[in-house]
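A quick write-up on the structure given underneath.
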Amino acid sequence: MGRSNTKSSKKQRRPIYVIAGKEETLINMECKGLLEELLEPAQRAVAFFEADADTATISEVLDELRTAPFLTDKRVVAIRNADDFVSANRQLLEKYFDNPSPSGVLILTVSSWPSNTKLAKQLSRAGELITVTQPKPWQLPQRLCQYAKETYDKEIEKDAAELVVELTGDDLGRLYSEVDKLATFAHKEKSITTGHVELLIGHNRLFNAFAVIDAMTAGDVQGAVERLRRMFAEDKNAEYTVVGAFAFHFRRMFGAKVLLEKGQRYDQVAGKVKIWSNKDAFFAQVRRLSLRQIGRYLQKLGEIDHSIKTGQTKAQVAMEQLVVGLAAMCGGGKSAARSA
């Protein structure tokens, strides 16, 4: 998410702002931040008007912008989802962009803002375009670190930020919400750690995934599928988080297997891969699979994640296929028929 021009401030406000992007959650967050820069909370009752894009008229909007502000030096008018409003009132908006109110601030949120229109050229002189884009997946942990620092003056460990993304998915609004909860949870501490993430966000998700994997590697197809279905039934966010929870466990299994094959002791391995509970069950899972098998299932989880995000499959369907395949392999197929 980024602005096309310098970040606005109370000292350098512009008369017109257009916030453009496809992600509504990010658009709303940017709009909220802009309003916080423009108006103090106590000023909004008398100096802020949010027009309904479907019912507002251009004359109503312009009247609000030209109304003299009361108890403040500016009056802010916002229109969200304003694509149709802009199209329907383009000529009058062009006139307003040429001569905006000196005490009014207009905010428009739109899904797109073509650069070849007259309004776009006028905006470059009269206001500011704020372009909102979803970060690339590999940029998300760093974005969370930045958000935690800017919003709460807290550090978030790199591993902790990566775990939040892994457990929550790649929706930035949802990720910021998780950081909000973590900052409150760790309010007396300077840093947000993986321990905080596991306790607050990941405990149930990781525990449930661990239980499914335990049944899978024991060859209990029916038990594994039943536990997986319970995960989806009990957690409304499971479709976004299930792959991450499983990948987290398989990565720790992979790391543990490598260390064990190098001759390290179980207690040494447990400390290095951060297994603090269910140690016996964890190492039983590791012993049941070869390093090559664990690596193959990590690869399959990556493929499933891509298929879900591109709409080629549903999370529950793909994960059930994975669970049945691994459980049947570990159990020699004995209980596969019972899971149908």
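None of the figures in this text is laboratory data; all of them are computed from the coordinates on show. All figures in this text were calculated on a predicted structure; none of them were measured in a lab. When we count neighbours, we look across all protein chains shown, and the Cβ atoms used for this are built from the backbone with ideal geometry, even at glycine.
Observations on the structure shown:
- GNM top mover of F49, F70, F210 - the chain, alpha-carbon springs below 10 Å: F70
- Computed from label points 7 Å out along Cα-Cβ, the spacing between K118 and Q312 is 4.7 nm.
- When all alpha carbon pairs of the range 196-335 are counted in 5 Å bins from zero, the resulting P(r) reads 2, 10, 20, 23, 21, 15, 7, 2, 0 %.
- Charge dipole of the range 137-192 (Cα centre as origin; +1 on each Lys and Arg Cβ, -1 on each Asp and Glu Cβ, all else neutral): 180 debye, rounded to the nearest 20.
- Here the alpha carbons of the range 106-163 define both size measures, Rg and Dmax, at 16.8, 47 Å.
- Inter-probe distance in nm under a simple model that places probes 7 Å from Cα toward Cβ, at K22 and E234: 3.6 nm
- Toward the positive end of the charge dipole of the range 209-259, with +1 on the Cβ of Lys and Arg and -1 on the Cβ of Asp and Glu, the farthest Cα among N237, A224, H249 is that of H249.
- q = 0.19, 0.22 Å⁻¹: log10 I(q)/I(0) that the Debye formula gives for the range 175-274, counting C-alpha atoms only: -1.03, -1.15
- Interatomic Cα distance distribution for the chain, bins of 10 angstrom, percent: 5, 21, 24, 18, 14, 11, 6, 1
- Peptides 76-83, 231-238, 125-132 ranked from most to least packed give 76-83, 125-132, 231-238, packing being the mean of other C-beta atoms within 10 angstrom over each peptide's residues.
- From the largest down, the range 20-147 spans 46, 38, 28 angstrom on the principal axes of its Cα atoms.
- FRET E, pair N278, S111, Förster distance 45 Å, beta-carbon r, rounded to 0.05: 0.45
- Within the range 137-192, the proportion of C-alpha pairs whose separation exceeds 13 Å stands at 49%.
- Spin-label model distance (nm) - M329 vs K190, 7 Å beyond Cα toward Cβ: 4.6 nm
- Cut-off under 5 Å, modelled amide H: who pairs with V76 long-range: F48, F49, V105
- Span-rule helices in the chain, defined as complete DSSP H runs reaching 30 Å or more along the axis (Cα) with Kyte mean at least -0.5: 238-261
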